[in-house]
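Working notes, beginning with the structure itself.
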Amino acid sequence: MRTATLPLFEVAPVATGAREDLAPGACVLRGFALDIATTLLAEVERIAARSPFRHLVTPGGKSMSVAMTNCGAVGWFSDRSGYRYTQRDRESGASWPSMPVVFAEIARAAASTAGFEDYAPDVCLINRYEIGTRLTLHCDHDERDRRAPIVSVSLGLPATFLWGGLARKEPQRRVPLTHGDVVVWGGPARMRYHGVLPVKAGEHPLAGARRFNLTFRVAR
Ligand code: MD3
Ligand code: FE
């Protein structure tokens with residue numbers, strides 16, 4: 001990656017509820033999920049008890065360092081044959097756990113605050129980052145409806161989000177994300193390249209030495 005020479009913009013903590021516009025279609029809602037974070041983490045645990053976190057294999061044969069699971073009507077899945085959404089958890093053989101009402105509600109409220117009304121995601125991909133885990137620069141194009149925004153909820157340890165352009169080679173901005181922050185990416189921002197820098201060592205009172213990220217999508 002060509003990020004090493006770029007400056008790191010450190011942003012002072014922002015008051016809960018502040019809406020930070022990043023670009024047309026993209027905004028950060030600082031602390032938007034803070035009040036219900038404990039409930040969200042309990043639901044993650046419940047989902048993982050049925051569909052455990054696993055390290056998916058990329059089409060190139062590499063195991064992803066971020067562990068993933070899903071809830072909703074479908075789930076994001078990857079193996080040697082490619083990336084896609086599946087109706088069943090290939091590991092358990094069962095359907096994915098249903099999306100908790102509190103998940104759908106927070107995603108809808110965040111989308112509405114960002115200007116996207118009537119958001120009804122059919123999947124929530126849940127990422128689990130251990131210390132040192134990163135998500136390399138990519139673009140999410142496996143969803144059928146690309147007009148719908150993606151809503152992301154950060155929980156646990158902080159991370160630095162990399163936010164690029166519509167082409168992989170464009171320079172990236174760095175956006176710090178902490179526990180309870182919600183980001184909405186829609187419209188012209190939806191197909192931008194993005195990633196997450198390696199998560200730094202730490203201990204979060206609710207999540208331990210981990211970061212969780214919920215990403216809501218309209219996949220079907
Ligand atoms: C910007 N997850 O699951 S979420 C992913 O923090 C993913 O776990 C990251 O990228 C994480 O695919 C970032 C925020 C996100 C999701 C989709 C985007 C940002 C986006 C699509 C376009 C632009
Ligand atoms: Fe992504």
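The values are calculated or read from the model by the stated rules, or taken from the named source; none is laboratory data. Note that the structure is predicted; figures quoted are calculated from it, not measured. When we count neighbours, we look across all protein chains shown, and the Cβ atoms used for this are built from the backbone with ideal geometry, even at glycine. Heavy atoms of the whole protein, side chains included, go into the accessibility calculation; ligands, DNA and RNA do not. Shrake-Rupley method; radii C 1.70, N 1.55, O 1.52, S 1.80 Å.
Here are some notes:
- Each of the peptides 184-191, 149-156 was scored by the mean count of other Cβ atoms within 10 Å over its residues; in descending order, highest first, they stand as 149-156, 184-191.
- Accessible area per residue in Å² at 1.4 Å probe, computed on the chain: 47
- Within the accessible area of the stretch 109-212 (1.4 Å probe), percent carbon and sulfur: 53
- Whole-angstrom gap from the stretch 16-57 to the stretch 73-127, using each part's C-alpha centre: 12
- If you wrap the stretch 9-217 in the convex hull of its Cα atoms and look at it from every side, the mean projected area works out to 10.9 nm².
- Using the Cβ-Cβ distance between Thr136 and Arg84 with R0 set to 22 Å, the FRET efficiency works out to roughly 0.70.
- Working note: Karplus 6.51/-1.76/1.60 with θ = phi - 60° gives the stretch 208-220 the couplings x, 8, 9, 10, 10, 9, 9, 10, 8, 9, 9, 9, 9 Hz, where Gly and Pro are set to x.
- CD proxy at 222 nm, helix term only [per DSSP H run n ≥ 4: -39500 (n - 2.57); per residue of the chain; nearest 500]: -4000 deg cm²/dmol
- When the square roots of the Cα gyration tensor eigenvalues are ordered a ≥ b ≥ c, the ratio a/c for the stretch 104-220 is 1.5 or more and a/b does not exceed b/c, which makes its shape oblate.
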